[in-house]
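*Asks:* Here you go, one structure.
A short reminder: the numbers here are calculations on the coordinates, not readings from a lab. Keep in mind that what you see is a predicted model, and the values were worked out from it rather than measured. So basically every Cβ, Gly included, is an ideal-geometry build from the backbone, and we count neighbours across all protein chains shown.
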Amino acid sequence: MKSSDERIDEELRKALKERFDSFERLPDPALREKVFKELGDGSSMVKKGLIATLLLLISATAVVYFVSWSPERKEAIVAIANVSGSRSETAAAESHASANANGNGDGPGTQVAPLDAPTAENPAKVDSVLPYKKPVSMVSDRATPDVKILSRKKHRVTRAELIKAIREIGSSFGSLWIRDDLVSPEDRAFLVSELKKMGLVDDQPDSIAAGNATRTLEGPSMADQDIGVLDHRPLALPSYHGPADSLITPGKTGKRYEFLYKDRWNFVAGLTPLRTFQILTVRPGNGVIYQNFVLPTRISAETVGYKFSAGAERKGFQLLLNYGQFKQSYRYEIATSEFIVGPDLSGNYQVVRKGIPQKEKSTVRLVGLSLRKRTVLRSRFLRNYFGDVGAEWSRDLTSGRNMAWVNAGFGKELFAGNNTAMTIGPYFEYSLTKLRNPDNPFKIQPYQVGLSVGLRHTGFKVSAVTSRSSSQ
């Protein structure tokens, strides 16, 4: 027989089973519509904006491209389009021109010009002549870019056209090119005579004129030179008297002035913010126990100092006068005879000794003199980088004690003006002396790390003039 507790347990078991059999939460039917509505609206706006931007960029690029075309290029494109329908006629004309060139190659008075499509450089117009004031040879077998074809088809050049061309070439710069099969022998003789009157035609062919010019440039032949005279000439070398770095005054041969230049004196100044660290040493004293020392770890007004330097530099050696200031601060406890037993973070019990809290805070002001050696690199990859190392002697104005330091740094020189360079780079200094406090048995040994920023101004050269006599 089942008890009442068993019935209650059975009912609870059934309820829990039904609960865990259908524990999934059904989504809201309107949620899908909301999601796709938001996605559709956002994507449509982005898509429209992107398409409009692309169309605007394409249109602007096309307009700029077509507007930037020059008129000559447009005319050339139009001319090529007009000539594309008459390629067969052009090919026939070119074959006829090559046949004429093979048949009349030996004669100096024949020249064939290819019938190319008219362009901006070679327009096929009868009444146009390019300017060219140089004497023109009608027998030249070389074609220049300034060639003008007087007729593209089988058109006979008349006497009136020749007279017009002669007038134009006489009043401008240009060249005249006429095919032999387009002008009659009488008109050609008339043209040559008119050009000779104007002084624009050479009587000799180009090949003969070029040969004479080459012969003139070559000078006399080797047979006309006496090589034996050159072989027996004595060797003559220039002789120099006196050193190259001296200056000989005119009229005083035995007097020589020498300028002895010395290195420049540079003036340097800098400011260095410093982060101060401390090494604390406890001296044994009178049975007093000190515990729980705490030194500042964060960058704050208690740990930041500064140093100002100014002096002169010569040959890389710097003599500087320094003034610096930094603070010393730390906390500690004087142990007592009371103890506290309590759990720590791990749950174990530990014994903690009570102490009397103490705090020390002081300001150190230093005035000193330092000597550094700076080396500036001039290599290809490390140009204007420098490194320096030095030593410093300083005196504490607060306690009246002397301190000795060693320091080092490196960085780069930057242009700051005429004869002025700015130096910037990390700086480190370490004290070899420990500062003692008369009120307690502690010794503090500081060391500092900072960023040095300075200026170096190049002074004037110190020169000396000496004179000495020499026998020449």
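*Asks:* Apply the Karplus curve 6.51 cos²θ - 1.76 cosθ + 1.60, θ = phi - 60°, to the phi angles in segment 389-405 and return the couplings in whole Hz, x for Gly and Pro.
*Replies:* For segment 389-405, the Karplus-derived couplings read 9, x, 9, 9, 10, 9, 10, 7, 6, 7, 9, x, 9, 9, 9, 10, 10 Hz, x marking Gly and Pro.
*Asks:* Between THR398 and THR458, what length comes free when the chain is fully extended (0.36 nm per residue of separation minus the Cα-Cα distance, one decimal in nm)?
*Replies:* Separation in residues times 0.36 nm, less the Cα-Cα distance, equals 18.0 nm.
*Asks:* Quick one: plug the Kirkwood hydrodynamic radius of segment 262-464 (C-alpha pairs) into Stokes-Einstein at 4 °C, 1.567 mPa s, and report D in µm²/s.
*Replies:* After rounding, the answer is 65 µm²/s.
*Asks:* Here's another thing I want to ask about it. Tell me, in nm to one decimal, what length is gained between ALA60 and SER193 on full extension, where the rule is 0.36 nm per residue of separation less the Cα-Cα distance?
*Replies:* Contour length minus Cα-Cα distance gives 41.9 nm.
*Asks:* Further, regarding this structure: Can you check what the Kirkwood hydrodynamic radius comes to for segment 273-340, Cα pairs only, in Å to one decimal?
*Replies:* Radius from the Kirkwood sum: 15.8 Å.
*Asks:* When ranked by the protection proxy of mean other Cβ atoms within 10 Å per residue, highest first, what sequence do the peptides 438-446, 337-345, 286-294 form?
*Replies:* In descending order of packing, they fall as 438-446, 286-294, 337-345.
*Asks:* Considering amide H positions built from the backbone, and no H for Pro or chain starts, which residues 5 or more places from ARG179, or on another chain, come under 5 Å of its amide H?
*Replies:* Close amide H contacts, sequence-distant or interchain: LEU150.
*Asks:* What is the spin-label model distance, in nm, from LEU16 to LYS354 if the labels are put 7 Å beyond Cα along the C-beta direction?
*Replies:* In this crude spin-label approximation the distance works out to 5.5 nm.
*Asks:* Here's something else I'd like to know. Over segment 262-464, what is the relative contact order in whole percent, taking alpha-carbon pairs under 8 Å and six or more residues apart?
*Replies:* Relative contact order of segment 262-464: 25 percent.
*Asks:* Now for a different question. Cα-Cα over 22 Å: which of LYS359/LYS434; LYS373/LYS443; LYS373/LYS434; LYS412/LYS434; LYS354/LYS443; LYS327/LYS354?
*Replies:* Exceeds cut-off: LYS373/LYS443; LYS373/LYS434; LYS412/LYS434; LYS354/LYS443; LYS327/LYS354.
*Asks:* Nothing charged except the Cβ atoms of Lys and Arg (+1) and of Asp and Glu (-1): what's the magnitude of the dipole of segment 322-472 about its Cα centre? Round to the nearest 20 debye.
*Replies:* It works out to roughly 720 debye.
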